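Report on the following structure.
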Amino acid sequence: MVEVYDNANSGRLYSTADADGNLLSYTYTGSNLTRITTASGDYTDLACTGSPVTSVGVGNRAGTLIQQRL
């Protein structure tokens, strides 16, 4: 596993890749993790109100929301 951290932004996790080269990238809004994206463009969105996650959405690379949980 290879992990890349963004030292310019408090050392947050920027991306990970496993031994097979499967890449995940991480997006933040403020200090909250808000999106995890695969190399193919599929994504998981995380919405937060304060600290806990309030909803999770899963979408594909075309931007179509496939499933959302509140």
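A few points about this structure:
- Of the solvent-accessible surface of the chain, computed with a 1.4 Å probe over protein heavy atoms with every protein chain present, carbon and sulfur atoms account for 52 percent.
- Positive-end residue, the chain charge dipole about Cα centroid, Cβ charges, pick of A39, Y14, T64: T64
- Given +1 at the Cβ of Lys and Arg, -1 at the Cβ of Asp and Glu and no other charges, the dipole of the chain around its Cα centre is 260 debye to the nearest 20.
- Accessible surface, per residue, of the chain when the full set of protein chains is kept, probe 1.4 Å, Å²: 70
- Simple spin-label estimate for R35 and A47 gives 1.5 nm between the two label positions (7 Å along the Cα-to-Cβ direction from each Cα).
- Across region 15-70, the mean sequence separation of Cα contacts (distance under 8 Å, 6 or more residues apart), normalised by length, yields a relative contact order of 20 percent.
- Distance between modelled label sites at A17 and V4, nm, 7 Å Cα→Cβ extension: 0.7
The values are calculated or read from the model by the stated rules, or taken from the named source; none is laboratory data. Just so it is clear, the model here is predicted, and its values are computed rather than measured. Cβ sites come from the backbone with ideal geometry, for glycine too, and all protein chains shown count toward neighbours. Quick note on the areas: whole protein, heavy atoms, side chains included, nothing else; ligands and nucleic acids left out. Shrake-Rupley method; radii C 1.70, N 1.55, O 1.52, S 1.80 Å.
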